[in-house]
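Single-structure report; data block below.
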Amino acid sequence: NLIEAILDTGSMLNICNSKTWKTTIQYPMDVTQGINMNDANGGEGKLRGLVKKVPIGLGTILTFANIYVGEHVPFDLLLGRPWQRGNYISIDERPEGTYLI
């Protein structure tokens, strides 16, 4: 299944909304790992739990992420610094567009 993801170089977490977790990811969630989160606009929210080692395919490349699940987040999937660093992802800006390498 395809999920539209946001790549956020300023986020210290990988996050998906609960609908994406239930319908697409479908891996077990550890609810003992729930945390409170502050967003860039100063808002606060609770993340219900953590889903570990979720496979994320980008074309022919397979990566993995530990993803927190939130009830009221306005996106399907946000990939932050932990995903970038854990999978050695770099962002390359070129005249013809932005590339993940």
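DSSP beta bridges fully contained in the chain are about 75 percent antiparallel. The Cα atoms of the chain define a convex hull whose projected area, averaged across directions, is 6.9 nm². Dipole orientation for the chain: of the candidates M37, T9, Q26, Q26 has the Cα lying most toward the positive pole (charges on Cβ; Lys, Arg +1; Asp, Glu -1). Going 7 Å from the Cα of N1 toward and past its Cβ, which residues in the range 14-44 have a backbone nitrogen under 20 Å from where you end up? It comes to 14-31, nothing else. Each of the peptides 82-95, 56-69 was scored by the mean count of other Cβ atoms within 10 Å over its residues; in descending order, highest first, they stand as 56-69, 82-95. Available extension along the chain between M12 and F64 is 17.1 nm, counting 0.36 nm per residue and deducting the alpha carbon span. Near V73, once Lys and Arg are set to +1 and Asp and Glu to -1 for all other residues with Cβ below 14 Å from its Cβ, the sum equals -2.
When only the Cβ of Lys, Arg, Asp and Glu is charged (+1, +1, -1, -1), the dipole of the chain relative to its Cα centre reaches about 400 debye. Proximity of backbone amide H atoms, modeled 1.01 Å from N, is registered between V54 and A65, N66, I67 at under 5 Å, excluding neighbours fewer than 5 places apart on the same chain. A simple count of charges around G45, restricted to other residues whose Cβ falls under 12 Å of its Cβ and scoring Lys, Arg +1 and Asp, Glu -1, yields -1. Between F75 and I35, the distance separating the two model label sites (each 7 Å from Cα on the Cα→Cβ line) works out to 1.6 nm. Take each peptide in 8-19, 32-43, count the other Cβ atoms within 10 Å of every residue, and average; sorted highest first, the result is 8-19, 32-43.
Computed from the coordinates by the stated procedures, all read-outs in this text should not be read as laboratory data. None of these values were measured; they are calculated from a predicted model. No Cβ is skipped: glycine too gets one built from the backbone with ideal geometry, and neighbour counts run over all protein chains shown.
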